Amino acid sequence: MAKKRIKVFLDSNVILSGFMSDKGPPRIILDLLSLELPVLAGVTGEYNIIEIERNLKKKMPELWSVYKKYLPDLNLEIIPLPDRKSLEQWSGGINASDMPVLVSAIKAKADYLITGDKDFTGFKGRDKLSFKIITPSKFVDIVIPVIRVRSCFLQN
């Protein structure tokens with residue numbers, strides 16, 4: 001029986017940080033996703049892509065070519081922009097600008113929402129979510145042992 005892939009939803013700040021630095025947890029996550037490991041699947045939202053591209057063009061145009069070249073290597077599933085009804089259903093406990101990220105992660109059926117955004121830690125509806133909201137470093141701490149264990153089974 002095949003093991004389920006861990007589905008990780010990447011917030012914009014994780015993707016941007018991973019492209020800006022060649023080390024650290026966000027970069028490790030991007031590198032793992034680019035390896036197309038059978039244990040891990042990456043996803044983000046169209047909202048996140050729009051946010052990333054807006055920030056790159058405005059604040060970091062020198063990274064544009066790196067982003068365009070390497071984004072396809074991440075093999076990310078892109079969740080379409082959420083509709084107004086979905087956003088309204090979850091409104092209340094979080095900033096309006098973070099709402100499309102949350103709803104996109106829900107629609108993706110993610111196991112984890114990985115973000116460096118502190119606003120998500122105070123989200124009042126966390127207990128109703130089917131996924132965990134964690135930092136990049138916490139996710140790396142979780143996923144590396146899983147990859148090691150599953151790769152041992154693949155080698156035998």
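All of the numbers you see were taken from the coordinates with simple rules; none came from a lab. Bear in mind that the values here come from a model prediction, so they are computed numbers and not experimental data. Ideal geometry is used to build each Cβ from the backbone, glycine not excepted, and the neighbour counts take in all protein chains shown.
Just a yes or no: is a residue in the stretch 27-36 over 29 Å from residue 145 (Cα atoms) and small (Gly, Ala, Ser)? No, the stretch 27-36 contains no residue that is over 29 Å from residue 145 (Cα atoms) and small (Gly, Ala, Ser). For the stretch 55-77, residues that are under 18 Å from the mean Cα position of the chain (by Cα), farther than 13 Å from residue 19 by Cα and exposed (fewer than 15 other Cβ atoms within 10 Å of the Cβ) total 2.
In summary, residue 21 fulfils each of the numbered conditions (1) touching a Pro at 6+ places or on another chain (Cβ under 9 Å); (2) loosely packed, with under 13 Cβ neighbours inside 10 Å; (3) not basic (Lys, Arg) with the single exception of condition (1). Identify the single condition in (1) of a type outside the set (D, E, K, R); (2) without any contact (Cβ under 8 Å) to a residue 24 or more places away in the chain; (3) farther than 13 Å from residue 74 by Cβ that residue 35 does not satisfy, given that it satisfies every other one. Failed condition: (3). Is it fair to say residue 63 is of a type in the set (A, V, I, L, M, F, W, C) and under 16 Å from residue 12 (Cα atoms)? It is true that residue 63 is of a type in the set (A, V, I, L, M, F, W, C) and under 16 Å from residue 12 (Cα atoms). For the stretch 81-88, state whether one or more residues are among the basic types (Lys, Arg), out of contact with any helix residue (DSSP H, G or I) (no Cβ under 8 Å at 6 or more places or on another chain) and within 25 Å of residue 29 (Cα to Cα). No, the stretch 81-88 has no match at all.
Can you tell which of 75, 95 is closer than 17 Å to residue 12 by Cβ, free of Cβ contacts under 8 Å to residues at least 60 places away in the same chain and not aliphatic (A, V, I, L, M)?
Answer to the selection: 95.
The set of residues in the stretch 40-54 being surrounded by 17 or more Cβ atoms within 10 Å (Cβ to Cβ) and among the acidic types (Asp, Glu) consists of 51 alone.
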